[in-house]
1. Per residue and in Å³, how big is the convex hull formed by the alpha-carbon atoms of the stretch 33-126?
2. Please report how far the C-alpha centroid of the stretch 92-146 lies from that of the stretch 323-366, rounded to the nearest whole angstrom.
3. Pairs Lys85/Lys167; Lys25/Lys49; Lys38/Lys185: which are spaced more than 32 Å apart, C-alpha to C-alpha?
4. So if we plug the beta-carbon distance of Arg285 and Ala57 into 1/(1 + (r/R0)^6) with R0 = 30 Å, what FRET efficiency do we get, rounded to 0.05?
5. With each label point set 7 Å from Cα along the Cα-Cβ vector, what nm distance links Ala184 and Arg46?
6. Calculate, for Lys340 and Phe28, the FRET efficiency according to 1/(1 + (r/R0)^6) with r their C-beta to C-beta distance and R0 25 Å; round to the nearest 0.05.
7. Over the stretch 239-366, with every protein chain in place, what whole percent of the accessible area is carbon and sulfur at 1.4 Å, could you tell me?
8. Determine by what factor the alpha-carbon radius of gyration of the stretch 241-318 differs from 2.2 N^0.38 Å, reporting the quotient.
Amino acid sequence: MVLYEFRKHIQSVDATMGLRRYQAKRSFSHTPEPTGEKSARTAALREPKFVIQKHAARRLHYDFRLEMDGVLKSWAVPKGIPCEKGGKRLAMEVEDHPLEYREFEGTIPSGNYGAGTVMVWDTGTYRVLEEEPLSALKKGKIVFQLAGKKLKGQWTLVRMRGGESGKQPWLLIKTGEDMKPVSAKADDRSAVTQRSMKQIAADADATGETERPARRGTPRSRPAPKPGTASRLKLDSELKKLRASEPRFVPPMKTQLALALPEEGDWVFEVKLDGIRALAVKNDREVRLFSRRPRELTTAYPAIAEAVRNLAARQLVVDGEIVALSEKGHPSFQLLQNAKRAGRSAPPIFYYVFDLLHLEGRDVTG
Ligand code: MN
């Protein structure tokens, strides 16, 4: 029974792994992009969808996405989609995106990951030929047929050798027959809203989408996202019942050795993550990270401090583990150690939070 529960937990962890890199790269209070969850919907009863988004980031590129396994498998294609038979374009595999991203058109404010205007350039359904989509993906060769508004016909994605973690190069090849090239006019027109890149950017400016502050500002420059008023009031009154305290370092609970698993009581099983235990203390704009000793870790993991700073609460203390994930999504202490010296090719670092110890001036430990 206990083992079964444990298994279930591991499976649920695996199921959400696909979007962790997507979520870790973004600060959702500062970008209009969807937060996203892996969808349990299966595509078995209908044709899966594809989307190509034209993205005027630091460098213009086209993001090619195929709905697969509850997420959008994604490639960035710098030179656009080839139309002439035999035409090949580099397609860099990037992090999975949530299904809702298919409808995302707008502007990612400056200072955020992927800042720039995004257009839904083409959308429709696709079909993988001769194989199951997932096994084709794993094998590194996907032959598919697109039925989009602009693109129709067959293409092939082939994985190339080499590349670093999370930056696998593929080739997008026009196979089947030639397609009439997309005109310059159609190239600058959204498949959904018919807007040009300029119009999308102008509309985002008009609605203030691009003005969401994305840099470290003064304390009041960034309003915290507002939860529903009713739940906010309830939370406030619940918090008032608790002991007042200051947000500060609290020695984290340690694991205990035991010979047997407990068989009764209200236990929750957690996966052991092999990383660095860290407590984050936020007091207004000041965020400090501590190891359990405690030793200050703030300057060693500035991205994590920044992520905690962006949390909606004014004061909090959370307990968690700083972890580096391998290409397969497994925590690796070795990778985390190497990350300090790796510089630009460093693997993404995650902060898994599993406990809240302090919130808005109150001690919330049990
Ligand atoms: Mn992009």
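1. 100
2. 27
3. Lys38/Lys185, as the Cα separations exceed 32 Å there.
4. Efficiency, from the Cβ-Cβ distance: 0.60.
5. Result for the modelled spin labels: 3.8 nm.
6. E(calc), rounded to 0.05, equals 0.35.
7. Answer for the stretch 239-366: carbon and sulfur cover 53 percent of the accessible area.
8. 1.33
The values are calculated or read from the model by the stated rules, or taken from the named source; none is laboratory data. Everything numeric in this text was worked out from a predicted model, so none of it was measured. Cβ coordinates were reconstructed from backbone atoms using ideal geometry, including for glycine residues, and neighbour counts include every protein chain displayed. Just the protein is used for accessible areas: all its heavy atoms, side chains included, with ligands, DNA and RNA removed. Shrake-Rupley method; radii C 1.70, N 1.55, O 1.52, S 1.80 Å.
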